Amino acid sequence: MTRLASPLLNGVSQYEPAPLSVRLLPVLLLAPAVLMLTAIAASLRWIVRRVFRRTRPPETAFGAQPVSRAATASFRFVVLTIAGWLAYLLVQMVAPGAVSVDGVAVRILELLSMATVIAAAILLAHALRAWRDQSHGRRVAAGRTVTACASVALVWLYFMLDCAAL
């Protein structure tokens with residue numbers, strides 16, 4: 001908002017529309033929440049499988065294929081990066097200035113944020129593969145697509161907020 005400097009226009013303001021990145025910020029802030037909820041759901045799924053000992057054929061077992069392993073590792077990497085930034089923000093809220101903005105921890109988090117581009121690309125390829133191969137069903141493909149979209153939105157958020165710049 002800018003004020004017009006004129007004695008004739010007292011109290012009149014000129015409003016400009018917000019840029020697209022600012023208008024999409026609330027949507028982008030949902031990406032970490034979606035990824036963390038996905039991590040919780042995956043953990044609960046693992047626990048339920050261990051308790052009930054459901055066995056599946058080896059060709060469809062979770063993580064049996066290299067792409068599934070890469071997608072699982074990528075998802076864990078993205079969740080680790082989110083947890084790192086949340087820990088940094090928590091430390092800054094509790095004790096401002098305890099961790100330097102130019103410190104090693106922040107540089108490591110920035111490098112992790114830049115590497116999430118690769119992880120998001122792997123998750124996106126995994127989602128596209130799930131749509132092409134319908135052996136797992138549409139629900140699994142939709143879940144992988146939501147996870148991939150959330151990771152891409154998170155990467156955009158990192159770069160928009162300069163969390164991934166050295």
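The values are calculated or read from the model by the stated rules, or taken from the named source; none is laboratory data. Everything quoted here is computed from the prediction, not taken from an experiment. For neighbour counting, all protein chains shown are included, and Cβ atoms are generated from backbone atoms with ideal geometry for every residue, glycine included.
Quick notes on this one:
- Segment 37-66 - residue that is exposed (fewer than 11 other Cβ atoms within 10 Å of the Cβ) and either assigned to a loop (DSSP other than H, G, I, E, B) or small (Gly, Ala, Ser) (or both) and, of those, modelled with the highest pLDDT: Ser43
- Among the residues here, Ala98 qualifies as more than 15 Å from Thr38 (Cα to Cα), of a type in the set (A, V, I, L, M) and outside any helix (DSSP H, G or I).
- Matching residues in segment 118-145 - criterion: being surrounded by fewer than 15 Cβ atoms within 10 Å (Cβ to Cβ) and under 14 Å from the mean Cα position of the chain (by Cα): Ile118
- Any pair with Cβ under 7 angstrom, 6 or more apart, that starts in segment 112-141 at a residue that is touching a residue at least 24 places away in the same chain (Cβ under 8 Å) and over 11 Å from Val155 (Cα atoms) and ends at one that is among the β-branched types (Val, Ile, Thr) and in a helix (DSSP H, G or I): Leu123/Thr147; Leu124/Val152; His126/Val67; Arg129/Val67; Ser135/Thr60
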